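Comments concern the structure below.
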């Protein structure tokens, strides 16, 4: 795998995994199981590296859960179908009847073979989408942890004021994930259309 693509993939998993790891560590500290936060200020490079790798692994392992949870929100517009509609609306006289939304992976593979720079830009949108999905999952976990803390008297009732903030962060993250996923497909279709043949003006 190319280094640049690996970086996009890395941050697509590391940021979500890091947020989940921080929430778990906060929970352990709150219930006086273990306090890792006190040593973070003096943590050396090795500790930071271990945390980063752990965050990546957690993000990678929980990605299927992340995908399942965020898919519970069903947009009326499937991103890969909506992206093709947007292309048609932009240039209605363009004949793109040969492009089928279900073939996007094949088109993307051919784009990667022909032009890596374009493929890198497309990969960037996919990584952003993964990252935003992870932020949404972290917000959901934070919500349940807050309710859990309240049940066991670990925080005061005033902390319920954080609920709208958490809901807002989760909702905006989900919308951003959809936007970047939509942009991912749009860029694929645009790259395909730019080849011209077999596409033509009606």
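Worth a mention:
- Rounded D (µm²/s) - the chain, Kirkwood Rh over Cα pairs, Stokes-Einstein at 10 °C, 1.306 mPa s: 82
- Modelled FRET efficiency - R0 22 Å, residue 113 with residue 194, Cβ distances, 0.05 increments: 0.90
- Principal-axis tilt of helix 3-30 within the chain, Cα atoms, nearest 10 degrees: 20
- Ranking of 14, 171 by count of other Cβ atoms within 10 Å, fewest first: 171, 14
- Theoretical FRET efficiency, 1/(1+(r/R0)^6), r = Cβ-Cβ of residue 171 and residue 69, R0 22 Å, to 0.05: 0.95
- Structure-based [θ]222 nm, the chain - -39500 (n - 2.57) summed over DSSP H runs of at least 4, per residue, nearest 500: -25000 deg cm²/dmol
- Folded to 0 to 90 degrees: helix 45-61 orientation relative to the chain principal axis, Cα: 60
Computed from the coordinates by the stated procedures, all read-outs in this text should not be read as laboratory data. Worth saying up front: this structure is predicted, and the values here are computed from it rather than measured. Cβ coordinates were reconstructed from backbone atoms using ideal geometry, including for glycine residues, and neighbour counts include every protein chain displayed.
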